[in-house]
Amino acid sequence: MSDQAHIGHDLAPGDEEQHDVGTRILGYVVGLVLALLLTATSFFIAGTDLVWQPSIPVALIVLAIAQMGVHLVFFLHITTGPDNTNNVLALAFGLLVVFLVVGGTVWIMAHLNANMPPMDQIMPKPM
Amino acid sequence: MLGKLDWSAIPFDQPIPLIAGAVVLVAILAVLIWVVVKGHLPYLWNEWITSVDHKRIGVMYILLASVMLLRGGSDAIMMRIQQAIAYQSQGYLPPEHYNQIFSAHGTIMIFFVAMPFVIGLMNLVVPLQLGVRDVAFPTLNSVGFWLTATGALLVNLSLVIGEFARTGWLAFPPLSELSYSPGVGVDYYAWSLQISGVGTLVAGINLVTTVLKLRTRGMNYLRMPMFCWTTLASNLLIVAAFPILTATLAMLLLDRYLGFHFFTNEAGGNVMMFMNLIWAWGHPEVYILVLPAFGIFSEVVSTFSGKALFGYRSMVLATMAICVISFMVWLHHFFTMGAGPDVNAIFGIASMIIAVPTGVKIYNWLFTMYGGRIRFATPMLWAVGFMVTFIIGGLTGVLVAVPPADFMLHNSMFLVAHFHNVIIGGVLFGAFAGFEYWFPKAFGFRLDERWGKLAFWFTFTGFYVTFVPLYVAGMLGMTRRMQHYDVAEWRPWMIVAAVGMAMLSIGVICQIMQLVVSIRNREALRDRTGDPWDGRSLEWATSSPPPVFNFAFDPDVRGEDVYWNMKVRARQQSLEHEEPEYHDIEMPRNSPTGFVCAFFATIMGFALIWHIWWMVILGGIGAFATFVVFAWRDHDEYVIPAAEVAAIDRVNLEERRSLVSMAGAV
Amino acid sequence: MSMTAAVGDAHADPHHIGLVVEHPGPAPKRIVTAYGFWVFLLSDIVMFSCFFAAYAVLVSQTAGGPKGSEIFEQRNVAIETVCLLLSSFTCGMASIAADVRNRFWFYLGMAVTCVLGLIFLAIEFREFADLVARGYGPSRSAFLTAFFSLVGCHGLHVSAGVLWLLTMMAQVFAKGFRADVLRRMMCFALFWHALDIIWVGVFSVVYLLGGGS
Ligand code: HEM
Ligand SMILES: [Cu+2]
């Protein structure tokens, strides 16, 4: 098992296609600039009253997701290429679970809270 | 200096745990002394404790599980006796003791019996079935095992130093919060699970990576044996679900140690969030356990029917479907807590849906057997016993997943019967089937069939005699975890259940006898060909036990049922005898990293439980240093020269040729 | 019975689906290691998601204590964010330097990453200490419990990352750019970038969403 030889069509997560150093640095620079822009927009939107207030949470979430995407592409070099299939599948499974856990928890807990008396009324006091 | 630890931690006033602890301690000491005196210590250290060979680690996992099965089983016996006699009386176990026992029983059976058993079998078999030399991360594999052992050690330590949790195997708050459980019991529980949880996570990552990245040439996804698929699904679930357990227990620990308010009654904490999170792990967990068992049954049924697995692709699909859907049903564990009809309905429906792929599997096994030439060897008995039993367990499961029915049955003995039905009938039967099936592979001789069959029949009938009464008692309104009761109708059923427990114990004794007898007769039972069952997948293509490097050269895979087709081809071609070309083989070197790391983890866990902060820091530094030392080593592999590989392989090839030509002559 | 014997046979494609691409065999170690670590990162993110979920559930439970908008300081968070972003960049530079085996740029990149990480930790520590001093520690309310744990868990990860980073530098110093060292470096970079992604979630959900009036 040699280290650099790429058998078949597979790439380690985080590895890029063979590029020269200049191109690679450029990739990080682009990523950094995009991320900084998105961050600045997020902070700006959160603090301003120039935009319609109820849209702010949605905008923040969208910006956050966009920025995560930027990180994934420019820093972690996750692409949709065939050499990345396995990496992307694992990521998709992870995201599905994250989505189910967070979404499910929030949904379930909202309903439980709506239907339940506060806990201290139905539990005995400590011994 | 020693935190909360002082002499009052030793339960001098309670004879049962003290005597049990003393007996175990003496036994361990005796074994240790025997090992040292006989001079086996270097062998143990070099060949087992520091081994990074997946087969050895698999065997150690299974050994740990078997020992813990005896411990968890003793708890079960004590509980059954208690409930048989505690009618209108206190029985012989005081409530706080009874509560510790059922908590320890559940914790041990799930985390230190079922988990290590299936992980051990996966470790042992999957690299062989994939045709590779080892798992993806051999040293981490050893770390994972030893951390699991640490968890088991801590749980058993609680028997003699301090106490164990009285909160059930899931430690629900607010009962498990500091205000209701000020002792160290819950801390023992939580820290053992945190530490062994790290071990499980490591094993999960390791096996996922092994299956996805280490298959031998030609082993396309759709050529993998079914057991590899279920291993993949089960370990994906480990990787995705165990972090939830870790986070949830971390929250509980933060509440207890630092006065946080995740699950407390005061300051806005929310108990229901614990239920929610723990079951978000808990439901996937049951599939983590049972999916590998499904894989084992698939291998066993197809081998002993002499046929390829029926509906291989639908089986793959069903496995992966279960893997995803099992994350969408967790609310069925707390229907009664008031999430309301909409939420309940959705989760109820999802729970029914997950029964569909399971049904598909059952049909596939039946069709595999249909028309086959079935041999009822012991592994096959377990498989058939499983099919019967698991159908009943699945049905009662679907029943309690109907919200209105669950309002009647939640927390009743019916529920206890249900989950034992699936866990014993599914996981444990599967583990035993796998044990009987792969034992010859691991050790080079078969197990005695007579004792094996006896063990099966006692366990099988014992299971029904124990748990059918619990179903009935549940319908008669008996709730779970009762230390005593006053309802006359329940009494007879509890007595029958105790009789069943006795039969189960005889089953276990038969299994031990089987081991003893087989070891005695090992020469007669020797498997020289490496293929004692006329198997179909690659693990049977190498000798029993396999050499460290598993395969002398990369197996050539061109379809499903690889080894079966090799045999067919070999017979058709009347065997060309040309010798393959052997190469040097690089193997990972053994390393004490896992053992040393677990040593420090034990110190750290113990210190955390007893609030001995300097010791915590010491343990942490030790663990970190262990990894640095490991990272610093210069040679992580050694080379087995081609000549040695050839010498080892020739012997096996000779045996195998004579087998094939004999079979060909028939 | 040689296992490598080349025989044309019908078993290669039992379901007659036409072309079957042969799996090329075990992947090289670099891919195996990084993939395993990738899977670990996903599991780590699932763990974080529980703390996020807990935060979402408990955020309104202030129990008479302060709300997010009363204690968060946007300016500090902005500085922290910039630190982490820059450190992700410098970490990337260090990875490139490691790949071309340039010690000077490697040490420089790692050192800057380390300093930025430490600045981040210092700011976070000051924020926590300040809150506790004002009586708004994690035991004050369920909201503060969730806040401290989520942000603190990320902080603990960064601290572990810094420890790993220093170990990495020491190892390159002692052993040079060996194959196994390069593999570890690769995992470290993955880890550090992933922490940055989680931070994006933290500052968006906790500080910006929770800090709005
Ligand atoms: C060998 C025969 C066994 C018997 C007779 C037995 C008996 C019992 C009893 C009496 C309880 C407590 C019921 C109560 O709450 O009053 C229990 C709970 C439990 N058992 Fe077993 N058990 C056996 C084997 C197993 C095995 C093999 C496993 C898992 C692999 C297992 C897992 C559990 C679990 C998870 C609980 C739930 C603990 C709780 O929620 O209270 N048991 N068992
Ligand atoms: Cu369930």
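Among the residues making up region B:80-116, those that are within 13 Å of the chain's Cα centre (by Cα) and of a type in the set (A, V, I, L, M, F, W, C) are B:108, B:109, B:110, B:111, B:112, B:113, B:114, B:115. Quick one: is residue B:109 in a helix (DSSP H, G or I), away from chain C (no Cβ under 14 Å) and away from ligand 1 (no atom under 14 Å from the Cβ)? Here the answer is no, as residue B:109 does not meet what is asked.
Exactly one residue out of B:535, B:559 is closer than 20 Å to residue B:295 by Cβ and away from every other protein chain (no Cβ under 14 Å), and it is B:535.
Only one of the numbered conditions (1) on the phi > 0 side of the Ramachandran plot; (2) crowded, with 24+ Cβ neighbours inside 10 Å is not met by residue B:411, and that is (2). Once region B:382-408 is narrowed to residues that are aliphatic (A, V, I, L, M) and open to solvent by less than 20 Å² (accessible area, probe 1.4 Å), the residue that is farthest from ligand 2 (Cβ to nearest atom) is B:383.
For region B:493-506, the candidate set comprises residues that are within 9 Å of ligand 1 (Cβ to nearest atom) and of a type in the set (Gly, Ala, Ser); within that set, the residue that is surrounded by the fewest Cβ atoms within 10 Å (Cβ to Cβ) is B:505. Within region B:79-97, take every residue that is near ligand 1 (Cβ under 9 Å from one of its atoms) and open to solvent by 10 Å² or more (accessible area, probe 1.4 Å) and give me the one that is farthest from the other protein chains (Cβ to nearest Cβ). Applying the filter and picking the extreme gives B:80.
For region C:101-123, the criterion of being over 22 Å from the mean Cα position of the chain (by Cα), assigned to a helix (DSSP H, G or I) and hydrophobic (A, V, I, L, M, F, W, C) is met by at least one residue. Among the residues of region C:48-87, those that are without any contact (Cβ under 8 Å) to a residue 12 or more places away in the chain and surrounded by fewer than 19 Cβ atoms within 10 Å (Cβ to Cβ) comprise C:70, C:75, C:78, C:82. Examine region B:287-296 for a residue that is part of a helix (DSSP H, G or I), within 16 Å of ligand 1 (Cβ to nearest atom), in contact with a Lys or Arg (Cβ under 7 Å, 6 or more places away or on another chain) and at pLDDT 90 or above, and state whether such a residue exists. Within region B:287-296, one or more residues are part of a helix (DSSP H, G or I), within 16 Å of ligand 1 (Cβ to nearest atom), in contact with a Lys or Arg (Cβ under 7 Å, 6 or more places away or on another chain) and at pLDDT 90 or above.
Inspect all residues belonging to region A:21-43 and state whether any of them is more than 10 Å from every other protein chain (Cβ to nearest Cβ), closer than 23 Å to residue C:209 by Cα and aromatic (Phe, Trp, Tyr). No, region A:21-43 contains no residue that is more than 10 Å from every other protein chain (Cβ to nearest Cβ), closer than 23 Å to residue C:209 by Cα and aromatic (Phe, Trp, Tyr). Residues in region A:73-92 that are open to solvent by less than 40 Å² (accessible area, probe 1.4 Å) and within 9 Å of chain C (Cβ to nearest Cβ): A:75, A:76, A:86, A:87, A:90, A:91. Quick check: is even one residue across region B:259-266 aromatic (Phe, Trp, Tyr), more than 7 Å from chain C (Cβ to nearest Cβ) and open to solvent by 10 Å² or more (accessible area, probe 1.4 Å)? No, every residue in region B:259-266 fails to be aromatic (Phe, Trp, Tyr), more than 7 Å from chain C (Cβ to nearest Cβ) and open to solvent by 10 Å² or more (accessible area, probe 1.4 Å).
The conditions of being touching a residue at least 60 places away in the same chain (Cβ under 8 Å) and either surrounded by fewer than 24 Cβ atoms within 10 Å (Cβ to Cβ) or closer than 30 Å to residue B:52 by Cβ (or both) are not met by residue B:239.
Listed by first and then second residue, the pairs with beta-carbon distance under 9 Å, at least 6 apart or on different chains, first residue in region B:313-333 and away from chain A (no Cβ under 13 Å) and among the aromatic types (Phe, Trp, Tyr), second within 16 Å of ligand 1 (Cβ to nearest atom) and open to solvent by 10 Å² or more (accessible area, probe 1.4 Å), form an empty list. Every listed requirement among (1) open to solvent by 30 Å² or more (accessible area, probe 1.4 Å); (2) within 19 Å of residue C:196 (Cβ to Cβ) is met by residue A:51 save one, (2).
Restrict the check to region B:517-529 and report whether at least one residue is within 14 Å of chain C (Cβ to nearest Cβ) and either away from ligand 1 (no atom under 14 Å from the Cβ) or closer than 30 Å to residue B:131 by Cβ (or both). Checked region B:517-529: at least one residue is within 14 Å of chain C (Cβ to nearest Cβ) and either away from ligand 1 (no atom under 14 Å from the Cβ) or closer than 30 Å to residue B:131 by Cβ (or both). Sort out which residues of region B:412-427 are more than 7 Å from ligand 1 (Cβ to nearest atom) and either within 23 Å of residue B:382 (Cβ to Cβ) or within 14 Å of chain A (Cβ to nearest Cβ) (or both), and write them in order of number. Selection gives B:417, B:418, B:421, B:422, B:425, B:426. Taking the listed residues C:132, C:200, C:112, C:151, the one that is open to solvent by 40 Å² or more (accessible area, probe 1.4 Å) and closer than 25 Å to residue A:37 by Cα is C:112, with no other qualifying.
Filtering region B:298-320 to residues that are among the basic types (Lys, Arg) and not in a helix (DSSP H, G or I) leaves only B:307. Here residue B:451 fulfils each of the conditions (1) within 24 Å of the chain's Cα centre (by Cα); (2) open to solvent by less than 30 Å² (accessible area, probe 1.4 Å) apart from (2). A single member of B:205, B:119, B:195, B:161 is away from ligand 2 (no atom under 16 Å from the Cβ) and over 23 Å from the mean Cα position of the chain (by Cα), and it is B:161. Restricting the first member to region B:1-19 and to residues that are on the phi > 0 side of the Ramachandran plot, and the second to residues that are small (Gly, Ala, Ser), the beta-carbon pairs closer than 8 Å and six or more apart or on different chains are B:3/B:607.
For residue B:188, the criteria (1) at pLDDT 90 or above; (2) part of a loop (DSSP other than H, G, I, E, B) hold in every case but one, which is (2).
Scanning region B:579-601 for residues that are open to solvent by 20 Å² or more (accessible area, probe 1.4 Å) and within 14 Å of chain C (Cβ to nearest Cβ) turns up B:579, B:581, B:582, B:583, B:586, B:588, B:589. Based on this model, can you work out whether residue C:179 counts as within 11 Å of another protein chain (Cβ to nearest Cβ) and open to solvent by 10 Å² or more (accessible area, probe 1.4 Å)? The answer is yes for residue C:179.
Taking the criterion of being touching a His at 6+ places or on another chain (Cβ under 8 Å), more than 24 Å from residue A:94 (Cα to Cα) and surrounded by fewer than 22 Cβ atoms within 10 Å (Cβ to Cβ), would at least one residue in region B:289-312 satisfy it? Don't jump to the end; show me each part of the working.
Restricting attention to region B:289-312, the residues satisfying the condition of being touching a His at 6+ places or on another chain (Cβ under 8 Å) are none.
No, region B:289-312 contains no residue that is touching a His at 6+ places or on another chain (Cβ under 8 Å), more than 24 Å from residue A:94 (Cα to Cα) and surrounded by fewer than 22 Cβ atoms within 10 Å (Cβ to Cβ).
The values are calculated or read from the model by the stated rules, or taken from the named source; none is laboratory data. Since the structure is predicted, the reported quantities are computational estimates derived from the model, not experimental observations. Neighbour counts are summed over all protein chains in view; Cβ atoms, including those assigned to glycine, are modelled from backbone coordinates with ideal geometry. Side chains are part of the model used for accessible areas, which takes the heavy atoms of the whole protein and leaves out ligands, DNA and RNA. Shrake-Rupley method; radii C 1.70, N 1.55, O 1.52, S 1.80 Å.
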